[in-house]
1. Give me the strands (runs of 3 or more DSSP E) completely within the stretch 155-257, filtered to those with at least 2 residues that are surrounded by 15 or more Cβ atoms within 10 Å (Cβ to Cβ), over 22 Å from the mean Cα position of the chain (by Cα) and at pLDDT 90 or above, ordered by residue number.
2. Taking Phe144 as the residue in question, decide whether it is aromatic (Phe, Trp, Tyr), under 20 Å from the mean Cα position of the chain (by Cα) and part of a strand (DSSP E or B).
3. Consider Asn354 against the criteria (1) more than 30 Å from Met409 (Cβ to Cβ); (2) under 18 Å from the mean Cα position of the chain (by Cα); (3) at pLDDT 70 or above: it satisfies all of them except one. Which criterion is unmet?
4. Please count how many residues of the stretch 290-325 are part of a helix (DSSP H, G or I) and either farther than 24 Å from His194 by Cβ or at pLDDT 60 or above (or both).
5. So Lys81 clears everything in (1) at pLDDT 75 or above; (2) surrounded by 15 or more Cβ atoms within 10 Å (Cβ to Cβ) except one condition, right? Which one?
6. Of the residues that sit in the stretch 15-48 and are surrounded by fewer than 24 Cβ atoms within 10 Å (Cβ to Cβ) and of a type in the set (Ser, Thr, Tyr), which one is farthest from Ala346 (Cα to Cα)?
7. Got a sec? Which of Lys405, Lys419, Lys391 is surrounded by fewer than 21 Cβ atoms within 10 Å (Cβ to Cβ), at pLDDT 75 or above and either charged (D, E, K, R) or under 17 Å from Ile54 (Cα atoms) (or both)?
8. Are any residues in the stretch 113-137 assigned to a strand (DSSP E or B) and within 27 Å of Ala230 (Cβ to Cβ), and if so, which ones?
Amino acid sequence: MDREKNFIPDDFYDFIVIGGGPAGAVFATLVAKEGYKVIVLEGSKFPRFCVGEIIAPTAIWRIWHRLGVTKEMMDPLFIQKWGAGWITPNGTQFNFDQDVHPEDSRCHAHVYQLDRSVYDEFLLNHALDNGVTALEEARVEELFYDENGRMNGVSFERHGKTFEVRSKLVVDASGRTNFIPRKLGIRMEIEELHSFACFAHWEDCKKDQGKNAGDVRLLFTENDLWYWWAPLKDPKSSIGIVANKNVHWDEYSKDPEAFYEKWVLNHPFIKKRIENATRITNFDVVKTRINQASKDSALLTNFHARSSEAVGDGWVLIGDTLGFVDPVFSAGLHVVHGSGMILADAVIKGMKENNLSEGFIEKEYHEKYKEEFQDVLFHIQGWAQLYYNPKFVDMFLKWGNRYPKIRDMYIRTFIAFEKKAIKEFSKFFLKIFKNVSHKSGFKLSVKK
């Protein structure tokens, strides 16, 4: 995918995109399809190791269609998942399979488990095929401004050389690197969530057979942490731990690899699956970068952060740069892809009207982004806080098993991402929480 090492970029592009992940690739592809000149500056070398995610075709189908990426192109690359399950310490299980309204043409009975190293490279290659200039190992260093204070370019280092490029708009799709938010001091951790994640890929884990071989499991514990088990394309699987930072950070920061090995062997479900398996990813990068982090900043491992501003004079944020709540639910990539598409539509309109002002981008992009996704993120932020209260989760999942209406709302919320279901489920969830929270001693705090 990469351009040759001696490639010299032009001095000016219509759009500079910092980051070549899904948000940047979606935006760049859609804009380039309209004939505009786009450069993507990706700091890593693809394929890059990244935590995988589940993605629901119901939530993202229209974006794939616009990109020109069909279902037939996706199926050979990624494993289909026909079900999932949640397991509490008390043994309560909530499972679903093929009941995601198969009679509804808007819904599919499966989701995809993505190997992000494959998927991200796939999307960026697709951007290249559509005329985007995409450079790997291009590390953005500085931001430039014109005489009126409008951001109009960046400098970046690549293969020992430094380049400067200018543009009409700088788009930050750098994800949790948060390049512009860190430069401008507008990155904020989500105070209500205090967790970090560590994960690795394994080969030859023991998997279920048949259609349920790809089923994801979320495993809750009473140890201020929870696990994900996510089979990938054979022979790989992803196993992750999300832990309470206030409880586990000191142990983790001393030796991330030892922490991970200790806790993956602590859960009987995981221990059984990895008996004859081999871990194929290491923690070398984590060990190197963890020295740059602290209990408060959690530079590498904290999933929960947002930016206080989304749009400025000459710049805009998309994808995880705007904010990220939870590493498991499909909403992560759903929101990432959606933000790229909404911004693309906004700037295409702006270019035709010769207007890429801060006010225009705020109205045509950020307001529409909030209308589309704020309820989703608000709901998931509240739900994520409950992962560390196994008694509440146990009760909630029991109710899901007992009452079909609750089960239906849950599936339509987290699989189909229907707006009506999200609002109904959020109201129901908060009502139930208020009635039982005094018994559990748990506090819920969610800010929009």
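The values are calculated or read from the model by the stated rules, or taken from the named source; none is laboratory data. Since this is a predicted model, take the numbers as computed values, not measurements. Glycine also receives a Cβ, built like all others from the backbone with ideal geometry; neighbour counts cover every protein chain displayed.
1. Numbers: elements: 161-172, 187-189, 195-203, 216-220, 225-231, 236-244.
Fully inside the stretch 155-257 and qualifying: 161-172.
2. Working: aromatic (Phe, Trp, Tyr): yes; under 20 Å from the mean Cα position of the chain (by Cα): no; part of a strand (DSSP E or B): yes.
So Phe144 does not fit the description; no.
3. Of (1) more than 30 Å from Met409 (Cβ to Cβ); (2) under 18 Å from the mean Cα position of the chain (by Cα); (3) at pLDDT 70 or above, only one is false for Asn354: (2).
4. Going residue by residue through the stretch 290-325, those that are part of a helix (DSSP H, G or I) are 290-292, 319-321.
Restricting the remaining residues to those that are either farther than 24 Å from His194 by Cβ or at pLDDT 60 or above (or both) gives 319-321.
Of the residues in that region, 3 qualify.
5. Failing condition for Lys81: (1).
6. Going through the qualifying residues, I end up with Ser44.
7. Values: Lys419 fails: at pLDDT 75 or above; Lys391 fails: at pLDDT 75 or above.
Of Lys405, Lys419, Lys391, the one residue that is surrounded by fewer than 21 Cβ atoms within 10 Å (Cβ to Cβ), at pLDDT 75 or above and either charged (D, E, K, R) or under 17 Å from Ile54 (Cα atoms) (or both) is Lys405.
8. Filtering the stretch 113-137 for residues assigned to a strand (DSSP E or B) gives 113-114, 133-135.
Gln113, Leu114 - these are the residues of the stretch 113-137 that are assigned to a strand (DSSP E or B) and within 27 Å of Ala230 (Cβ to Cβ).
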